[in-house]
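I have placed the structure first, in the form of structure tokens, so that the comments after it can refer back to it.
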Amino acid sequence: MDDESLEEWAARRDRRRPTRGERRITPLGDQPEQGSHVNPDAPRGIQEWDGHQWVPAGVADDLTAAVDEISDDATSRAERVPLPSFNKLPPLPEPWWPTEQFHRP
């Protein structure tokens, strides 16, 4: 089993975590969080990461205003997403050959 060291795990976790001061958009109200396309004209809350939790940072009138407010943070967050490497394919299995010669009677 290939176990990663604690330092590698911590570095991988830190790459996924938001940076201090990064912002995100959340819907306002008692409704569960939905996709942004569901109600784009509804007001949005803007939250900022303080290193430990998301704290309120402001309110935007609609989705367009909220996206304009946090566009730099969204771009930096998208650049941090690790993409899978597609050049590593599993080894090709050996072809199956019967163990005994088969002769037709």
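Check ALA42: other-chain or 5+ apart residues with amide H under 5 Å from its amide H, H built from backbone geometry?
For ALA42, the qualifying residues are LEU63.
Which value results for Rg/Rh of the chain when Rg is the Cα radius of gyration and Rh the Kirkwood radius based on the inverse mean 1/r?
Working: Rg = 24.7 Å, Rh = 18.3 Å.
Here the Rg-to-Rh quotient is 1.35.
Using only Cα atoms and rounding to the nearest 10 degrees, what angle (0 to 90) does helix 6-16 make with the longest principal axis of the chain?
Orientation of helix 6-16: about 50 degrees from the principal axis.
Can you put ASP73, ASP62 in order, fewest other beta carbons within 10 Å first? Walk me through the numbers before you get to the answer.
Values: ASP73 19, ASP62 13.
Listing ASP73, ASP62 from fewest to most nearby Cβ atoms yields ASP62, ASP73.
Calculate one ³J(HN,Hα) per residue across segment 97-102 by plugging θ = phi - 60° into the Karplus curve 6.51 cos²θ - 1.76 cosθ + 1.60, and present them in order as whole Hz with x for glycine and proline.
10, x, 6, 10, 5, 9
Suppose the chain between ARG15 and ASP72 were pulled fully straight at 0.36 nm per residue; how much longer would it get relative to their current alpha carbon spacing?
Details: separation 57, 0.36 × 57 = 20.52 nm, distance 1.73 nm.
Full-extension gain reported as 18.8 nm.
May I ask you to evaluate 6.51 cos²θ - 1.76 cosθ + 1.60, the Karplus curve with θ = phi - 60°, for each residue of segment 27-32 and list the ³J(HN,Hα) values in order in whole Hz, giving x for glycine and proline?
x, 9, x, 8, 6, x
Report the local net charge at GLU48: Lys and Arg +1, Asp and Glu -1, summed over other residues whose C-beta lies under 10 Å from its C-beta. Spell out each step's value before the answer.
Values: positive: ARG20, ARG23, ARG24; negative: GLU22, ASP50, ASP73.
It works out to a net charge of 0.
Please state the charge dipole magnitude for the chain, taken about the Cα centre, from unit charges on C-beta atoms (+1 on K and R, -1 on D and E), reported in debye and rounded to the nearest 20.
Values: 13 positive and 21 negative charges, 69 e Å.
Approximately 340 debye in magnitude.
List the trypsin sites (Lys or Arg not before Pro) within segment 1-93 that DSSP assigns to loop and that have no more than 14 neighbouring Cβ atoms inside 10 Å. It would help to have the intermediate numbers written out before the result.
Working: sites: ARG12, ARG13, ARG15, ARG16, ARG20, ARG23, ARG24, ARG44, ARG77, ARG80, LYS88; in loops: ARG20, ARG80, LYS88.
Filter output for segment 1-93: ARG20, ARG80, LYS88.
Could you go through segment 59-75 in sequence order and give the Karplus-derived ³J(HN,Hα) for each residue, using 6.51 cos²θ - 1.76 cosθ + 1.60 with θ = phi - 60°, rounded to whole Hz, and x for Gly and Pro?
Once θ is set to phi - 60°, the couplings for segment 59-75 become 10, 10, 5, 8, 5, 4, 5, 5, 5, 4, 6, 10, 4, 5, 5, 5, 5 Hz.
Report the extension gain between TRP97 and ASP61 in nm, rounded to one decimal, defined as 0.36 nm multiplied by the number of residues separating them, less their alpha carbon distance.
Details: separation 36, 0.36 × 36 = 12.96 nm, distance 6.83 nm.
My answer for the length gained is 6.1 nm.
What's the longest piece of the chain with no exposed chymotrypsin sites (Phe, Trp or Tyr not before Pro), counting a site as exposed if DSSP puts it in a loop and it has at most 12 other beta carbons within 10 Å? Walk me through the numbers on the way to the answer.
Details: sites that count: PHE86, TRP96, PHE102.
My reading of the result: 1-85 is the longest stretch.
FYI, it's all coordinate maths here, none of it is from the lab. Bear in mind that the values here come from a model prediction, so they are computed numbers and not experimental data. Note that each Cβ is placed from the backbone with ideal geometry, even for glycine, and that neighbours are counted across all protein chains shown.
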